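Worksheet for the structure shown next.
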């Protein structure tokens, strides 16, 4: 199950939307690496690549939330920590296996791709809406 950036993932915040598109490309790269002959090293490198960009993106999102004094910051940050833990678990899984197994791919689809959709449609959209409302209230 490849990820696709669609209208329901648009938050209206250009920085966040651009970074989400990049994350989707990296998730899909990970899934593609799993299909290409179950090469362990390629999957490890691709997962590391996704992990690095995830850290960058989460830091940017969390900084934005702090800048706008988003009231749901702690809850949102906790969701990011869950995602980072999942990536750590996937990295351990790859180290222990000969290559990306079917169970590994299922975990990527369930705990990375599906989580990402739910997170954007709920948590990230809330931040973007809060930022928009806050910005418009200050203009009144």
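Quick one: check the C-alpha center-to-center distance for the range 46-108 versus the range 3-28, whole angstrom.
One Cα centre to the other: 15 Å.
Using 0.36 nm times the number of residues separating residue 97 and residue 134, minus their current alpha carbon distance, what extension gain do you get?
On the way: separation 37, 0.36 × 37 = 13.32 nm, distance 4.84 nm.
Length difference between fully extended and current span is 8.5 nm.
What's the extension gain from residue 21 to residue 118 if we count 0.36 nm per residue and subtract their Cα-Cα distance?
Numbers: separation 97, 0.36 × 97 = 34.92 nm, distance 1.51 nm.
That pair, residue 21 and residue 118, stretches by 33.4 nm at full extension.
Write down Rg/Rh for the range 12-139, rounded to two decimals, with Rg from the C-alpha atoms and Rh from the Kirkwood relation over Cα pairs. Could the numbers behind the result be given before it?
Numbers: Rg = 16.2 Å, Rh = 15.5 Å.
We get a ratio of 1.04 for the range 12-139.
To the nearest 0.05, how large is the calculated FRET efficiency for residue 32 and residue 77 if R₀ is 35 Å and r is the Cβ-Cβ distance?
Details: r = 30 Å, r/R0 = 0.86.
Rounded to the nearest 0.05, the efficiency is 0.70.
Provide 133, 27 in ascending order of the number of other Cβ atoms located within 10 Å of each residue's Cβ, fewest first. Could you put the intermediate results ahead of the total?
Numbers: 133 11, 27 22.
Listing 133, 27 from fewest to most nearby Cβ atoms yields 133, 27.
Taking springs between alpha-carbon atoms closer than 10 angstrom, which of 127, 118, 105 fluctuates most in the Gaussian network model of the chain?
Of 127, 118, 105, the Gaussian network model singles out 118 as fluctuating most.
Using the 2.2 N^0.38 Å rule of thumb for compact globular proteins, work out how the range 70-130 stacks up: its C-alpha Rg over that value, please. Working shown, then result.
Values: Rg = 14.0 Å, N = 61, 2.2 N^0.38 = 10.5 Å.
Compared with the compact-globule rule of thumb, the range 70-130 sits at 1.34.
Just so you know, all these numbers are worked out from the coordinates, no wet-lab data involved. Everything numeric in this text was worked out from a predicted model, so none of it was measured. Virtual Cβ from ideal backbone geometry, glycine too; neighbours counted across all protein chains shown.
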